[in-house]
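In what follows, a single structure is set out as structure tokens and then discussed.
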Amino acid sequence: MSGSYWNGVHFDTNSVIPPWIIAIYFLIIIGLLAYGWKKHLLASFKTVDYVYMGLLAAILVIWNFFISPLIPRFSGVTTWFYYPDIGEILILLLVASLIGKPGSVMTMMFIYTLLSDIFHYGFGGEPFWFIYELTAYAALYDLYLLLRGEYFGTDHQAVFWGKKKVQGEGGTTTQQHLVTIRGLFVLDCLVGGIIVGIAYNFWYQGFWATFIEGYSYTTNYVLTTTLTNAAGGALMGLIAAPFVVYIRKVIKGVY
């Protein structure tokens, strides 16, 4: 199928990733987020959280539309590495580290996509670009935050099975046992880098580019570029790790 049918969307399902896999993926994401909601893991945001999300979303707009397009002029990057990920990995790691609440990355990417449509793209292809941005990597970040929460970007981890009851003036409260694992923040940045690194090649070129815009890619191309960008994302995550820790410490005063 080809041609535009509604709001510039081709609805072409001849993609590398079959639509039924996308449907199953959506159900898994929705199920896990529903579990987090039921367990009260999707905490409400404070005013400062929205400030962080809005500011970083605006910085991401500036990076993607004004700074990253300059990179090819000074470097021989090729399509084998999606160079806009360089700044996007750092920015999303900062969102997760500074806020540390499941749902924060999806909310930030919603704000970013809205700003992108208003100031650059227009609203052609919507609401599917919102769905792509939220599910390709933002939802995966937030699912990871269900495990790490406020300790993302640190060496600390709350152990759920290590809860203990503490008697205080207000009655008995339950506290989680906190463990420290040297270098755990590196794992956070590594995972975050890979999630962003594969999003463009695997999710966009594998399904959304075909479904929305009618572009066609081969399976070999999508898989090859996904692997190379996974390696690039991992490298960028490792490079960003000390900067994420430092910025978190400066802004929040804790590590």
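All conditions but one from (1) at pLDDT 90 or above; (2) assigned to a helix (DSSP H, G or I) apply to residue 147; the one that does not is (1).
For region 200-226, taking the residues that are within 20 Å of residue 139 (Cα to Cα) and of a type in the set (S, T, N, Q), the one that is surrounded by the fewest Cβ atoms within 10 Å (Cβ to Cβ) is identified as 226.
Looking across region 5-48, the residues that are surrounded by 17 or more Cβ atoms within 10 Å (Cβ to Cβ) and at pLDDT 95 or above come down to 15, 16, 17, 22. Out of all the residues in region 186-223, which are aromatic (Phe, Trp, Tyr), part of a helix (DSSP H, G or I) and without any contact (Cβ under 8 Å) to a residue 24 or more places away in the chain? Within region 186-223, 221 is the sole residue that qualifies.
Scan region 206-255 for residues that are aromatic (Phe, Trp, Tyr) and in contact with an Asp or Glu (Cβ under 9 Å, 6 or more places away or on another chain) and the total you get is 3. Determine if region 231-240 includes at least one residue that is among the aliphatic types (A, V, I, L, M) and over 13 Å from residue 90 (Cβ atoms). Yes: region 231-240 contains one or more residues that are among the aliphatic types (A, V, I, L, M) and over 13 Å from residue 90 (Cβ atoms).
Just so you know, in region 98-157 the residues that are within 10 Å of the chain's Cα centre (by Cα) and among the charged types (D, E, K, R) include one that is surrounded by the fewest Cβ atoms within 10 Å (Cβ to Cβ), and it is 133. Considering the conditions (1) without any contact (Cβ under 8 Å) to a residue 60 or more places away in the chain; (2) touching a strand residue (DSSP E or B) at 6+ places or on another chain (Cβ under 9 Å), residue 249 is excluded by exactly one of them, (2). Please verify whether region 39-53 includes one or more residues that are among the basic types (Lys, Arg) and assigned to a helix (DSSP H, G or I). Checked region 39-53: no residue is among the basic types (Lys, Arg) and assigned to a helix (DSSP H, G or I).
The values are calculated or read from the model by the stated rules, or taken from the named source; none is laboratory data. Treat the numbers as computed from the prediction; the structure is a model and nothing was measured. All Cβ positions, even for glycine, are placed from backbone atoms using ideal geometry, and neighbour counts span all protein chains on display.
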